[in-house]
Amino acid sequence: METKTEEFIKLLDKALEIAEQIRLDKQPEFKHSERLNNLIDALQSIRSKTLIGKLEASGGISTLGLAREVADWIEPLDSPLLKTVGTIEEYYQKHL
């Protein structure tokens, strides 16, 4: 059985994969490239902190702010990226 941390890392990896694919598909004309790059940096940072045990616990209250940030610029709103970061936020609040 996977640990909560392993499951969380898998969710982060999935979001990183989707974000990287968007970056590859949309460059260079993508008007939100900087925001996408910031998201990728944030996901990588969260992943690193999780792996070394330095990610602050949610306590069922805190969020990572990922879904709100992505919702500000992603189109369409039913994007796989937004769905995935929403799942990350939900998992973080419930399990970490």
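The values are calculated or read from the model by the stated rules, or taken from the named source; none is laboratory data. The structure presented is a predicted model; accordingly, all values stated were derived computationally and were not measured. When we count neighbours, we look across all protein chains shown, and the Cβ atoms used for this are built from the backbone with ideal geometry, even at glycine. Just so you know, the surface numbers come from the protein's heavy atoms only, side chains and all, with ligands and any DNA or RNA stripped out. Shrake-Rupley method; radii C 1.70, N 1.55, O 1.52, S 1.80 Å.
State the answer as a single residue: which of 95, 43, 65 lies farthest towards the positive end of the charge dipole of region 30-96, with beta carbon charges of +1 for Lys and Arg and -1 for Asp and Glu, about the Cα centre.
95
If you count only protein heavy atoms with a 1.4 Å probe, what accessible area per residue comes out for the chain, rounded to a whole Å²?
Computed with neighbouring chains in place, this is 63 Å² per residue.
With +1 on each Lys and Arg Cβ and -1 on each Asp and Glu Cβ, and nothing else charged, work out how big the dipole of region 46-89 is about its Cα centre, in Debye to the nearest 20.
Rounded to the nearest 20 debye, it is 300 debye.
Before rounding to the nearest 500, sum -39500 (n - 2.57) across all DSSP H runs of length at least 4 in the chain and divide by the residue total; then give [θ] at 222 nm in deg cm²/dmol.
Value at 222 nm, helices only: -22000 deg cm²/dmol.
What percentages, rounded to whole numbers, describe P(r) for the chain computed over all alpha carbon pairs with 10 Å bin width beginning at zero?
For the chain, the pair-distance distribution reads 16, 51, 26, 6, 0.
Which lysines have a Cα lying under 22 Å from the Cα of residue 31, excluding residues fewer than 8 positions away in the same chain?
Once the sequence-local lysines are set aside, what remains near residue 31 is 83.
About the Cα centre of region 2-95, what is the dipole size in debye to 20, counting +1 per Lys and Arg Cβ and -1 per Asp and Glu Cβ, all else neutral?
Here the size comes out at about 220 debye.
In the Gaussian network model of the chain, springs joining C-alpha atoms below 10 Å, which of 26, 83, 14 carries the largest mean-square fluctuation?
Evaluated over the chain, the most mobile residue of the options is 26.
Evaluate the relative contact order of the chain (contact order divided by residue number), counting alpha-carbon pairs under 8 angstrom at least 6 apart; express in whole percent.
With pairs under 8 Å counted, the relative contact order is 39 percent.
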